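If you scroll down you'll find the structure; I have some questions about it.
Derivation of every value follows stated rules applied to the coordinates shown; laboratory data play no part. All figures in this text were calculated on a predicted structure; none of them were measured in a lab. Ideal geometry is used to build each Cβ from the backbone, glycine not excepted, and the neighbour counts take in all protein chains shown.
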Amino acid sequence: MSTKSDLLLDMRNIEIEGFSDERWHPIIKGVDLSLNRGEILGLIGESGAGKSTLGLAAMGFARPGCRITGGQIMFDGRDLRSLKEPEKRKLWGSRIAYVAQSAAASFNPAHRLIDQTIEANLIKGLKPAKEARDDAIELYRALQLPDPEKIGFRYPHQVSGGQLQRVMTAMAMATRPDLIIFDEPTTALDVTTQVEVLLAMRNIVEQFHTAAIYITHDLAVVAQMADRIKVLRYGEQVEEAETRRMLSDPQEAYTKSLWSVRSIQKEESTSDDYVLELEGIDAAYSRSLKVLKDVNIKVPRGRTVAVVGESGSGKSTTARVITGLLPPSTGSVRFNGQPLPAALKDRNLDQLREIQMIYQMADTAMNPRQTVAEIIGRPLEFYHNMTGRKKEARLSELLKMIELDDSFADRLPSELSGGQKQRICIARALAAEPDLIICDEVTSALDQIVQEGILNLLLNLQKEFGISYIFITHDIATVKAISDEIVIMFQGEVVEQGLKSEILSPPHPDYTQLLLSSVPEMDPDWLDNLVADR
Amino acid sequence: MNSVLTTVIQRLALGIITLFFVSVIIFAMVSMLPGDFTQAVLGQAALEETVEAFRKELGLDQPAHIRYFQWLGGVLQGDFGTSFSGRAASGIDRSRSVAELIEPRLYNTLFLAAMTAIVAVPLALYLGITAALHRNGFFDRSISTATLVSISLPEFLVAYVFIAVFAVLWGKFPPISEIRPGATFFDRIHVSVLPALTLTLVTIAHMMRMTRAAIINLLASPYVEMARLKGVSQRDVIIKHVLPNAWAPIATVIAFNLAYLVIGVVVVETVFTYPGIGRLMVDSVSSRDMPIVQACGLIFAGTYILLNMIADIIGIVTNPRLLHPR
């Protein structure tokens, strides 16, 4: 072991402020963080908890619009806060490295991967170019990238997201730093890709005995990676403990609530009365790019069908076909037993009203200059010719349904929280009084507690009004919580459709097996067991 | 590489088609001008028969579409026709070919444009990059104010101020940019300094501000943060990580301003009585010398299309997605 002290990073009473609305607001309010050599600390919390800000502060770095206002950051015996920028620059990329969330955006599109991988080595004169390149190739190999000799000579847009994320880990590792900050490195990846990247990262960090701060909002992921877990909320520490103890015995109420979110369980049921039937749907965006191949999906009335698949599997394209935004090249859409015109412009008002959609990004799905009353009022006028008193009364009713009160009517979207925005979008869909609502990843941008609220709301609305849902998602936990039936899609085809209990219990077709087994579980041994099984 | 070549060829073809449409528009506009050369020369008191005879001699009696195709046919063979001026109803023909008249004027204009560009483009890039680097600092604020002022001032005012200061008070440069026959290269530069300086001031602000905006836009991108966190210095962040991705927007604004230097300089040429192509065109419009006007119009359109095409192509070849397809 090292002869130096084992304590690598010691942050005391850190305070960080961010500038918004013309003044400085506290983001981190006096947090301590310490890390030993070779240790991995998981930093978890919901969005806005200050995880990334604190992680970057461990490098002595504050994003533009943020400033570190208090505390001490001792890295290997030196106080980063007292160092000038050029001094810190010497440490960055050589002794402390950063792995960002979006690999696609964090690589410079103009340079080859290997040039970016070895850049820190070259500017610091740590290794000659030839040696640095050979070493980068070895790292690519260690991270199990395909064709490690050549992949570095490609440009960022030429490789996949999962590969880029591993190249970025190689880039961080290139100078053999003492500390790596992983900032949500797998959040943007599909679950099957995530498993490979997690494994690769964990192995290489172990191999070089590198300390790491692993930032994520996903408990199951952090359980695989971290020795210790620290929970943050509103810029303050909630609690910190060794991983196994934190999972088995959380102390604080907030932590317990995080742990228990995945507790919704809907009793599955089915029906022979189908609200929507897709038959033999083929669809393409251009002649060469065929996205859907012979898709058959049936949605029983008053039930929830979850459409599950990774990015590019054709989930959202299926939604576009149903809504008429993308007329299919062959196949038919039947709604309430009647054939539905393929193109949006051929559908009449009633056919338009019957199918509504809720989107992932509630933010961009609402006109920021319209008030809640205008947003929800529009479908009331458009579909039901409501005006004046009648409209107001209905608006008030709808707000009650989504568990908000009349005081929200005059607010703009910017004055709402993420969960409230999504509720307004639900109310807008409800206003049309549809038979079917397509929910496209409606909870993936939300924190877990907020997710639970939205899912419960959707379930209650279904019970009360008998609405059918198509629930597009990549999150298996959500699927378990709300669906009656599951459709699994892969590369534009339906792999399986059936009752939740049938699909989720073995035996599975190969792809379903791969997908289900890749979903991280809260068990710290899950990744090891998975490797052993495969 | 093939896809880049295809795109470039596509752009070239598009440019040629655009130029063709522009030629139609120019011809139509010129034909729509009230009055013609014969009336301008002979005056209102001229006899009907004299005017008719002169028209016939110039070919103005033919219908417009025939004149257009005759003109276009000539242009395609490099013949821009013969100027109307110099011809008189008396029958003595002292007219000169359009090419002969335009050539020295075009050369003068290009000379002035090149002289301005050599100073203005690097200076604008340097100022834009420096301002972006020290965003909201003292340098950035002062340069932003200065460029705002220079954008807001009309160019003739700037020109007269320069004449007042550098020609009248200081007497270093001539207030009138006359190019005498047999002038040496340095004489040319000497008389062109004040117009070039005026044009520099007019174009630099736009280029500098757009460069600054393009760079600031990229400075906020995650890969720039990544570069910083790899320990890349501020200077290298700009040179190695920002500029390679900024060429497309910068090239567009430079092309726009270079085009302006060729086609938009008539005010400055008039103030300094600089013998450029802009003044030739304006003079020809007032004397209804259509062959010259048409040729100038075509040259201007061609310049604009060519420069924008070059900017487009720079945008394409600096885009790694197009250069290195998957």
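Going toward the positive end of the dipole of the protein assembly as shown, with +1 on Lys and Arg Cβ and -1 on Asp and Glu Cβ, which of A:TRP526, B:ALA113, A:LEU278 do you reach last?
Going by the Cα projections, it comes out as B:ALA113.
Please determine, in degrees from 0 to 90 and to the nearest 10, the orientation of helix A:191-207 with respect to the longest principal axis defined by the Cα atoms of chain A, where the helix direction is its Cα long axis.
That works out to roughly 10 degrees.
For a test of the definition: using alpha carbon positions, the gyration tensor, and the 1.5 limit on a/c, classify the stretch B:168-250 as rounded, prolate or oblate.
prolate
Farthest toward the dipole's positive end in the protein assembly as shown, which of A:TYR254, B:ILE263, A:PRO339, given Cβ charges of +1 (Lys, Arg) and -1 (Asp, Glu) about the Cα centre?
Towards the positive end, the residue furthest out is B:ILE263.
Run down the lysines and flag those whose C-alpha is under 29 Å from the C-alpha of A:LYS421, throwing out any fewer than 8 positions away in its chain.
Candidates past the 8-residue exclusion: A:LYS29, A:LYS51, A:LYS256, A:LYS266, A:LYS315, A:LYS345, A:LYS390, A:LYS391, A:LYS400, A:LYS463, A:LYS480.
Then there's this: Given q = 0.15 Å⁻¹, what are the Debye log10 I(q)/I(0) values for the stretch B:217-294, with equal point scatterers placed on the Cα positions and solvent ignored?
One equal scatterer on each Cα of the stretch B:217-294 leads to -0.65.
If you filter the stretch B:172-244 for trypsin sites (Lys or Arg not before Pro), then keep DSSP loop positions with at most 16 other Cβ within 10 Å, what is left?
B:LYS172
Please list, in chain and number order, the residues 5+ apart from A:LYS124 or on another chain whose amide H is under 5 Å from its amide H, with Hs placed from the backbone.
Residues meeting the criterion, in which the H sits 1.01 Å from N, do not exist here.
Separate question: Quick one: putting +1 on the C-beta of Lys and Arg, -1 on the C-beta of Asp and Glu, what dipole do you get for the protein assembly as shown around its Cα centre, in Debye to the nearest 20?
Dipole about the Cα centre, nearest 20: 2460 debye.
Classify the stretch A:117-215: rounded, prolate or oblate, from the alpha-carbon gyration tensor (a ≥ b ≥ c, eigenvalue square roots; a/c under 1.5 rounded; otherwise prolate if a/b is larger than b/c)?
oblate
Per-residue HN-Hα couplings for the stretch A:59-71, Karplus 6.51 cos²θ - 1.76 cosθ + 1.60 at θ = phi - 60°, whole Hz, x for Gly and Pro?
Values, residue by residue: 9, x, 10, 10, 4, x, x, 10, 8, 8, 9, x, x Hz.
Okay, moving on. Using Cα atoms only, what is the angle between the long axis of helix A:161-173 and the major principal axis of chain A, expressed in degrees (0 to 90) to the nearest 10?
20
Give me the dipole magnitude in Debye, nearest 20, for the stretch A:7-259 about the Cα centre, with unit charges on the beta carbon: positive for Lys and Arg, negative for Asp and Glu.
620
Between A:ASP32 and residues 5 or more places away or on another chain, which pairs have amide H atoms under 5 Å apart, with H built 1.01 Å from N, and which residues are they?
Those qualifying (amide H under 5 Å, at least 5 residues apart or on another chain) are A:ASN13, A:ILE14.
For the stretch A:321-336, what does the Karplus curve 6.51 cos²θ - 1.76 cosθ + 1.60, with θ = phi - 60°, yield as ³J(HN,Hα) per residue in whole Hz, taken in order and with x for Gly and Pro?
5, 5, 7, x, 5, 10, x, x, 7, 9, x, 10, 10, 10, 10, 6
Name the long-range amide H neighbours of A:ILE27: under 5 Å, sequence gap of 5 or more, or other chain; modelled H, no Pro or chain starts.
Distant-sequence amide H within range of A:ILE27: A:ILE16, A:GLU17, A:GLY18.
Sticking with this structure for a sec: Equivalent-ellipsoid semi-axes (√(5λ), Cα gyration tensor) for the stretch A:7-259, whole Å, largest first?
Computed over the stretch A:7-259, the values are 29, 22, 17 Å.
Hey, what number do you get for chain B at 222 nm if only DSSP H runs of n ≥ 4 count, each worth -39500 (n - 2.57), divided across all residues, to the nearest 500?
-24000 deg cm²/dmol
Taking the Cα centre of the stretch A:1-67 as the origin, how large is its charge dipole in debye, to the nearest 20, when only Lys and Arg (+1) and Asp and Glu (-1) carry charge on their Cβ atoms?
For the stretch A:1-67, the charge dipole is close to 160 debye.
Separate question: When Cβ neighbours within 10 Å are restricted to other protein chains, what is their mean count per residue of peptide B:237-248?
Neighbouring Cβ atoms belonging to other protein chains average 2 per residue here.
Let me ask something additional. Considering the Cα trace of the stretch A:1-60, what is its radius of gyration and what is Dmax, both in angstroms?
14.0, 50
Build a GNM of chain B with springs between Cα atoms under 10 Å: which of B:GLY78, B:GLY15, B:GLY276 gets the top mean-square fluctuation?
Maximum among the listed residues: B:GLY78.
Just counting partner chain Cβ atoms within 10 Å, what average do the residues of peptide B:213-223 show around their Cβ?
If you average over the peptide's residues, the count of other-chain Cβ atoms is 3.
Mean 1/r over all different Cα pairs, inverted: what Kirkwood radius does the protein assembly as shown give, in Å?
32.8
Kindly provide the helix-only [θ] at 222 nm of chain A, computed as the sum of -39,500 (n - 2.57) over DSSP H runs of four or more divided by all residues, to the nearest 500 deg cm²/dmol?
-10500 deg cm²/dmol
Right, another one. Within 10 Å of each candidate Cβ there may be at most 16 other Cβ atoms; applying that plus a DSSP loop requirement, which trypsin sites (Lys or Arg not before Pro) in the stretch B:88-167 survive?
B:ARG94, B:ARG96, B:ARG135
So, one more: So which helices of chain B fit the span-like rule, where a helix is a whole DSSP H run, its Cα atoms reach 24 Å or more along the axis, and its mean Kyte-Doolittle is at least 1.0?
Taking the DSSP H segments of chain B (at least 24 Å long, mean hydropathy at least 1.0), we get B:2-32, B:98-133, B:185-219, B:243-263, B:290-317.
Answer with one residue from B:SER31, B:LEU14, B:LEU58: the one whose Cα lies farthest towards the positive end of the charge dipole of the stretch B:2-76, charges on Cβ with Lys, Arg +1 and Asp, Glu -1.
Farthest along the dipole direction, towards plus: B:LEU14.
Cα gyration tensor of the stretch B:24-70, axes a ≥ b ≥ c as square roots of the eigenvalues: rounded (a/c below 1.5), prolate (a/b > b/c) or oblate?
oblate
Output the 0 to 90 degree angle, nearest 10, between the alpha-carbon long axis of helix A:372-384 and the longest principal axis computed from the alpha carbons of chain A.
With rounding to tens, the tilt is 30 degrees.
Now for a separate question. To make sure I understand the rule: partners must be lysines, Cα under 20 Å from the Cα of A:LYS84, and not fewer than 8 residues away in the same chain. Which ones qualify?
Cross-link targets: A:LYS124, B:LYS230.
Let me check the size of the stretch B:102-286 from its C-alpha atoms; what are the radius of gyration and Dmax in Å?
Cα radius of gyration and Dmax of the stretch B:102-286 are 19.2, 64 Å respectively.
Here is a further query. Within chain A, which is the longest segment containing none of the chymotrypsin sites (Phe, Trp or Tyr not before Pro) that sit in a DSSP loop and have at most 15 other Cβ atoms within 10 Å?
Of all site-free stretches, the longest is A:235-534.
Check each of the trypsin sites (Lys or Arg not before Pro) in the stretch A:21-103 and keep only those in coil by DSSP with at most 10 other C-beta atoms within 10 angstrom; list them in order.
Listed in order of number, the matching sites are A:LYS84.
Moving on. Where the centre of each part is set by its Cα atoms, how far does the stretch A:65-83 sit from the stretch B:263-283, in angstrom?
The two parts, judged by their Cα centres, are 62 Å apart.
Moving on to the next point. Per residue of A:103-116, how many C-beta atoms from partner chains lie within 10 Å of its own C-beta, taken as a mean?
Going residue by residue through A:103-116 and averaging, the value is 5.
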